[in-house]
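Just so you know, all these numbers are worked out from the coordinates, no wet-lab data involved. Quantities reported herein were computed from a predicted structural model and do not represent experimental measurements. All Cβ positions, glycine included, derive from the backbone under ideal geometry; neighbour counts span all protein chains shown.
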Amino acid sequence: MHSPSTPANDEIIGTLPSHNGTLSKESIIAEPSKSRSHGLYISRKFNVLQPAIIIPFAILGLLIRLGLNSIQTFAGQQVFALVWPQFVGCMIMGALVATRDWIEKGFGLLDYKDKAKGHWLGPYFYVALSSGLCGSITTFSSWSVGTFVELINPARINRHPLQNILSALSEIAVTIAMSLVGLKFGKHLGQSLIKIVDDRMTPGEGPSFSEENLAAVLAEEDTNVMPGSTELAPSEVFTQMESPTDSSTQTETETQTSTQIQTYAQMQTPAQRSTAQSAAPKQEIIHIPSAPTLWTLHDWLFIVAGGALWLGVIFAAIWMPSASFRSWRHVAFACCFAPLGANLRWYMSRWNASSLRRFQFPLGTFAANILGSVILGAVVCMQHSVAIRGHSGAATACQVFGGLQDGLCGCLTTISTFTLELKTLPRKASYIYGITSVVVAQLVLLVILGSFVWTQSSIKDEQNGYLLSTCSM
């Protein structure tokens, strides 16, 4: 049963947390039900178009991660190669968050009536860039496996057990530190870009606002949460949860808005305003929806292009020669699995809304990261299994395992959103979330990968499945 104000073909996805008591008006949603002040409904178009737009960005993010890993892997490297994809992904995420409002409103390039008619897809591309691109450049599962490998030392490097612990802690600390630095640096880049754009805009460009709707415009600039994600508005993402919001803060905000309106009203005398309005053509003040629900030709083009790209990489993986273990075919397989992992993570991120409001814990991101770590642990065990050694299809099996490792697990899990959540959650909730994510991932790897490694410990080195891996990791 749907309430009269709820579209029958829309899907409720939960509630979004809000520090100021209001829900985001910049979200990709249809009109919320008037009978539920916090319920959000997502149109059917969003469920079809958004995954299609994520596909190319997920593949691009995967290729960037593999490229950065390859560049950073060399003899005598000072830090592990994975740290640079984490840094770059978080840097792009910070820049996107800082420029989110600008991206969603069309970069100031499109006519406002076109956006109102549904021809602008800025909000969709913001989700594709943040969740698809940044989420695929960074990976939580490979980081977790790398930390676990340093902790248990399966390669039997001659060092003290305490040195194993220090090595694992170093990997954790360096990754989190570089991710936070990348996020902050990206924020600075985004703010600089917005400043450059604002400085180059000449007076009179863009829509003109009357005194009556100026308050609404100023209020909409500080909206916060996007459905299916925990990213916040540019002006508040790095400060929103650092201190609790109380009545005094709300009063200060209202006073500031009132002052801005009064300042605007005093910029011109009534006579000057009347003269300017009569001289300039009247511009209709309209409400601009962030994500239209009407289908357009652009929508179908994006859907067809995304599906064609996915089919293209699947056919490339099928037809590419597989004779060599060092074939590029594992990259083609990774591109096949990348959209699946990225879209699954995006879908699971819908759980963040209700869990953040109730427990201040992003359950969707947590579940995606742990699930990806579990799958990767099983894949690593199969890569080192003696069962495929000498088999006629060993090369193809290793390429598929590599695709699952880099594509599915790498894009299903993310450090960029994880770092953003650590930054925006209250301090206590941030520590709980971060420690829980790392500890649970290590525990599931202890059960899956640890049990496999330790069953090989009693075997001679020349027969040890882990030391004599059939597939290179």
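Note on region 391-445: along the principal axes its Cα atoms extend 54, 22, 8 Å, ordered by decreasing extent. Taken one residue at a time, the phi angles of region 92-102 give Karplus couplings (6.51, -1.76, 1.60, θ = phi - 60°) of 5, 4, x, 5, 5, 5, 5, 10, 4, 4, 5 Hz. Gly and Pro are set to x. For THR138, the amide hydrogen comes within under 5 Å of the amide hydrogens of ILE415, SER416, counting only partners 5 or more places away or on other chains and with H modelled in the peptide plane. Rounded to the nearest Hz, the phi-derived 3J(HN,Hα) couplings of region 408-424 under the Karplus curve 6.51 cos²θ - 1.76 cosθ + 1.60 (θ = phi - 60°) are 5, 5, x, 8, 6, 10, 8, 9, 5, 5, 4, 5, 4, 5, 4, 6, 9, where x marks glycine and proline.
In order along region 367-382, the Karplus-derived 3J(HN,Hα) couplings, from 6.51 cos²θ - 1.76 cosθ + 1.60 at θ = phi - 60°, round to 5, 5, 5, 6, 4, x, 5, 5, 5, 5, x, 5, 5, 4, 4, 5 Hz, and Gly and Pro are given as x. Farthest toward the dipole's positive end in region 307-458, which of GLY377, SER355, GLY341, given Cβ charges of +1 (Lys, Arg) and -1 (Asp, Glu) about the Cα centre? Farthest along the dipole direction, towards plus: SER355. Summing charges over all other residues whose Cβ lies under 13 Å from the Cβ of ASN369, with Lys and Arg as +1 and Asp and Glu as -1, gives 0. When each of the peptides 55-65, 73-83, 295-305, 155-165 is scored by the mean number of other C-beta atoms lying within 10 Å of its residues, the order from highest to lowest reads 55-65, 295-305, 73-83, 155-165.
Send over the semi-axes of region 297-380's equivalent ellipsoid, whole angstrom and largest first, taken as the square roots of 5 times the C-alpha gyration tensor eigenvalues. Working shown, then result.
Values: eigenvalues 196, 93, 6 Å².
Semi-axes, largest first: 31, 22, 5 Å.
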